[in-house]
Amino acid sequence: MQNPALGTQRLPASVVLTSLPFWASVLVVMPVFVQAPWVRHQPFSSCLFGIVLAVAGILINLKADHNRQRDLGALLLGFSGSWMAGSLFWGWLPAHPVLHLPVEAFALPLAVGGLNTRWRCACAFYMASLIGTAFTDLSMAISGVMSLWPEVVTATADQAPALLRSAASQVLTPKSLLVVILAAALITKLVSECRSRVDRIGDHSSAWAVATSVLFTTLVIDGVFFGISLLAPGLSGLI
């Protein structure tokens, strides 16, 4: 499936590899394979790495000679906020799902305040990630899956696959499926709206392109996780 943030035309590989939507998608996927196992064993160092990411993003943005480099630096800063929030929650509070969204939203006031500054791409990444998290958590709460969350995250390696399969199976009930489909439709609508802003604004659309890519990639990851939880729950510990 093509990332809608990249448009419908085929772009040269060199352009794709330096584009904001491409790196936004990479940064959304990165916690699945890097942060998840890291924070499970070394939460403190994972948090410290978030500070390293923030400093790197600020320096790249301030020292860059081109707009694209400045935007990439800002993107890294936005990612650092999501990374630190994820490290804090999954490192010390994973058995308390009600705290997930509040912890993830710790930098929301800064993100809202920076939307009209040179850090707009950072704010767009962070806020789009937060919106995706909110949709996921709300869907889990309404479908009843969230009540199983503490048991799943505290289970042993032998118990976790069966519990994950049970939680995923609960989503297959008519009520839960309706909730999931509605959430997916709303995210898809947001992706479409952000993409239309990209088309209308043109060269000044970097923040909207980032938001489009983040929301789309989040939707894909949620779908993959749901499928793995049903078909191969032993592998879902990657996410």
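The values are calculated or read from the model by the stated rules, or taken from the named source; none is laboratory data. Owing to the predicted nature of the structure, the values given are computational and were not obtained by experimental measurement. No Cβ is skipped: glycine too gets one built from the backbone with ideal geometry, and neighbour counts run over all protein chains shown.
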Item to complete: Within the stretch 16-74, track down each residue that is among the small types (Gly, Ala, Ser) and not in a helix (DSSP H, G or I).
Response: Ser19, Ala64
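Yes/no matrix, rows are residues, columns are (1) among the hydroxyl-bearing types (Ser, Thr, Tyr); (2) surrounded by fewer than 21 Cβ atoms within 10 Å (Cβ to Cβ):
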{"site": "Ser80", "(1), (2)": "yes, no"}
{"site": "Gly86", "(1), (2)": "no, no"}
{"site": "Gly91", "(1), (2)": "no, yes"}
{"site": "Pro102", "(1), (2)": "no, yes"}
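Restricting to the stretch 39-55, count the residues that are in contact (Cβ under 8 Å) with a residue 40 or more places away in the chain and surrounded by 16 or more Cβ atoms within 10 Å (Cβ to Cβ). Before the answer, list the steps.
Kept after step one, since they are in contact (Cβ under 8 Å) with a residue 40 or more places away in the chain, are these residues of the stretch 39-55: 39-40, 43-44, 46-47.
If we keep only those that are surrounded by 16 or more Cβ atoms within 10 Å (Cβ to Cβ) too, we end up with 39, 43, 46-47.
Residues meeting the conditions: 4.
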Response to the item:
Taking first residues from the stretch 136-157 that are surrounded by 17 or more Cβ atoms within 10 Å (Cβ to Cβ) and second residues anywhere that are of a type in the set (S, T, N, Q), the pairs with Cβ under 6 Å that are 6 or more apart or on different chains are Ser143/Ser176; Val145/Gln170
Fill in: Subset of the stretch 181-239 [at pLDDT 75 or above and among the charged types (D, E, K, R)]
Lys189, Glu193, Arg195, Arg197, Asp222
Worksheet, complete the sentence: Residues in the stretch 112-125 that are buried (at least 17 other Cβ atoms within 10 Å of the Cβ), farther than 16 Å from Ala56 by Cβ and either more than 15 Å from the chain's Cα centre (by Cα) or not small (Gly, Ala, Ser) (or both) total 3
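Quick one: which of Ala107, Ala85 is in contact (Cβ under 8 Å) with a residue 24 or more places away in the chain and not acidic (Asp, Glu)?
Working: Ala85 fails: in contact (Cβ under 8 Å) with a residue 24 or more places away in the chain.
That would be Ala107, the only listed residue that is in contact (Cβ under 8 Å) with a residue 24 or more places away in the chain and not acidic (Asp, Glu).
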Discussion item. Can you tell me how many residues within the stretch 166-196 are crowded, with 17+ Cβ neighbours inside 10 Å and in a helix (DSSP H, G or I)?
Written reply: 11
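Taking into account only those residues within the stretch 96-131 that are of a type in the set (Phe, Trp, Tyr) and not in a helix (DSSP H, G or I), which is nearest to Gly50 (Cα to Cα)?
Among those residues, the one meeting the criterion is Phe106.
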Worksheet item: Listed residues Ser80, Ser166; which is closer than 23 Å to Leu27 by Cβ, touching a Leu at 6+ places or on another chain (Cβ under 8 Å) and without any contact (Cβ under 8 Å) to a residue 40 or more places away in the chain?
Response: Ser80
